[in-house]
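A short write-up of the structure that comes next.
Every read-out reported here was derived from the displayed coordinates using simple, explicitly stated rules and does not represent laboratory data. This structure is a prediction, so every number in the text was calculated from the model and none was measured. Note: ideal-geometry Cβ built from the backbone for every residue, glycine included; neighbour counts use all protein chains shown.
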């Protein structure tokens, strides 16, 4: 099964920016105001809407917060024929939480496609050093499928903060 990773990232990026804009317009907040589960749901919703372009199939079943094997719950899962496409989403967290999700995804069966979506708060638009370190640590296991950064609101900091969005594909 082939996935259009470029369109996948574009769809996720568009969804994240739409949530950020909606929160900015409605309550002067940004993407980091939204709960992780809400963000995961909205990503799933947009991916299922664009299933033909992303998954090259109309026969896609969307599952939400689904337990697979012994790896626990996964944020967004799509079933296609005899395989699953699994997404973990992590919002504003630490390196240990990111590492934990990567290891969790690596435990899934080899026939599953595994993706990790990170929304990290940073003071810079460049890819945050925490994520660069993670990419080095798992260089044989993860592929960066896209990076985007945009200014957003965050009530934890006095200065401008950016949302660093990264999409990783986790290799078996």
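By the beta-carbon count within 10 Å of each Cβ, the least crowded to most crowded order of 149, 26, 53, fewest first, is 26, 53, 149.
Fewest neighbouring Cβ atoms within 10 Å first, the residues 14, 92 line up as 14, 92.
Computed from the Cβ-Cβ distance with R0 of 30 Å, the FRET efficiency linking residue 61 to residue 28 stands at 0.20.
Stretching residue 69 away from residue 172 to a fully extended chain increases their span by 35.5 nm, per 0.36 nm per residue minus the current alpha-carbon distance.
For the range 5-170, the Kirkwood radius over C-alpha pairs fed into Stokes-Einstein at 10 °C and 1.306 mPa s yields D = 98 µm² per second.
Show me 32-40, 54-62, 73-81 ranked by packing, highest mean number of other Cβ atoms within 10 Å first. Display every interim value, and only then the final one.
Working: 32-40: 16.3, 54-62: 14.4, 73-81: 18.6.
The packing order, highest mean first, is 73-81, 32-40, 54-62.
Just 98, 115, 157 to compare: in a GNM of the chain, with alpha carbon springs under 10 Å, which one fluctuates most? Comparing 98, 115, 157 in the GNM, the peak value goes to 157.
Is the shape of the range 7-73 rounded, prolate or oblate, going by the alpha carbon gyration tensor and its root eigenvalues a ≥ b ≥ c, with a/c under 1.5 for rounded and a/b larger than b/c for prolate?
Values: a/c = 2.98, a/b = 1.41, b/c = 2.11.
Verdict is oblate for the range 7-73.
With axes computed from alpha carbons, what is the tilt in degrees of helix 36-49 against the longest principal axis of the chain, rounded to the nearest 10 within 0 to 90? The helix 36-49 is inclined about 50 degrees to the chain. Relative to the dominant Cα principal axis of the chain, helix 5-27 is inclined by about 40°. For the chain, the longest principal axis of the C-alpha atoms and the axis of helix 95-106 are separated by about 10°.
In the chain, helices alone account for a calculated mean residue ellipticity at 222 nm of -11500 deg cm²/dmol, with every DSSP H run of four or more residues adding -39,500 (n - 2.57). Rounded, prolate or oblate: which fits the range 64-116 when a ≥ b ≥ c are the square roots of the eigenvalues of the alpha-carbon gyration tensor, with rounded for a/c under 1.5 and prolate only if a/b beats b/c? It comes out prolate by the Cα gyration axes.
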